[in-house]
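*Asks:* Provided herewith is a single structure, encoded as structure tokens, for subsequent inquiry.
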Amino acid sequence: MLLFREVILRDSMMKKLGIALAAFAAGLFAQSAASNFDKWWTPEKDATVAAPANHKVLLENDEVRVLQVSVPPHTREPMHVHRYPAVIYLQSSPPNMIEHTEDGKTRDMGTRPDGFTRWLPVDQGHFLENTDNKPLLAIRVELKKAR
């Protein structure tokens, strides 16, 4: 019984650490994002406009925009741009993904562990290709004032 409690406590601490690190990274990179703000973005390239089947707005206000991101198995989302820097949280056994960028570069992102969280600065347009048999499900928290 003691071991079970230790595992639960460790998992809880790891999640809190991940959130804290993401917040810290947001602060560090907010300055660099300022110089790129709207460099690539236009209203028609916005993720919710250019790839609406893959980006659902869960919450939006003056501070943040929270998106549910999904890419079904063996599909590609349309090319799009994210206007704001963000923290992304990958849910439920993320699939193998390949990122294609507007400049023609391709990056195999491999697979990530459940709960993988990372900072995403403002960047050029991209689309994701899911090469796996399972969907990508993620939550993206865009920070509107982090510029």
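Rule-based calculations on the coordinates, nothing more; no lab input. Predicted, not measured: the structure shown is a model, and the values here were computed from it. Backbone-built Cβ (ideal geometry, glycine too); neighbour counts: all protein chains shown.
*Asks:* So what does the Cα-only Debye profile of region 69-143 read at q = 0.20, 0.23 Å⁻¹, as log10 I(q)/I(0), no solvent term?
*Replies:* Summing over Cα pairs of region 69-143 leads to -0.87, -1.16.
*Asks:* While we're on this one: Which pairs, out of Lys105/Lys145; Lys39/Lys145; Lys56/Lys105, put more than 24 Å between their alpha-carbon atoms?
*Replies:* In this structure, Lys105/Lys145; Lys56/Lys105 exceed 24 Å between Cα atoms.
*Asks:* Additional query: Would you please give the residues with an amide H less than 5 Å from that of Thr75, counting only those at least 5 places away or on a separate chain, with H modeled from the backbone geometry?
*Replies:* Excluding prolines and chain starts, which carry no amide H, the hits are Asn130.
*Asks:* Give the long-range amide H neighbours of Arg118: residues separated by 5 or more places, or on another chain, with amide H under 5 Å away, using H modelled in the peptide plane at 1.01 Å from N.
*Replies:* So Arg118 has HN proximity to Ile88.
*Asks:* Relative to the present Cα-Cα distance, how much length would full extension add between Asp38 and Asp132 at 0.36 nm per residue of separation?
*Replies:* Value of the extension gain: 30.6 nm.
*Asks:* Just want the ordering: Leu59, Leu67, Leu137, from fewest to most Cβ atoms lying within 10 Å of their own Cβ.
*Replies:* Taking fewest neighbouring Cβ atoms as first place, the list is Leu59, Leu137, Leu67.
*Asks:* Another question, if that's okay. Output ³J(HN,Hα) for region 86-102: one whole-Hz value per residue in order, computed from phi by the Karplus curve 6.51 cos²θ - 1.76 cosθ + 1.60 with θ = phi - 60°, and x for Gly and Pro.
*Replies:* Residue by residue, region 86-102 yields 8, 10, 10, 10, 8, 9, 5, 6, x, x, 6, 10, 10, 9, 10, 9, 4 Hz.
*Asks:* Tell me, what is the percent relative contact order of region 41-147, built from C-alpha pairs under 8 Å that lie six or more residues apart?
*Replies:* Relative contact order here is 37 percent.
*Asks:* Quick one: order Ser92, Ser70 by neighbouring beta-carbon count within 10 Å, fewest to most.
*Replies:* The most exposed by this proxy come first: Ser92, Ser70.
*Asks:* From the backbone phi of region 49-65, what are the Karplus-calculated ³J(HN,Hα) couplings (6.51 cos²θ - 1.76 cosθ + 1.60, θ = phi - 60°) in whole Hz, Gly and Pro given as x?
*Replies:* After applying 6.51 cos²θ - 1.76 cosθ + 1.60, I find 9, 6, 9, x, 5, 10, 10, 10, 6, 9, 7, 8, 8, 5, 9, 9, 10 Hz.
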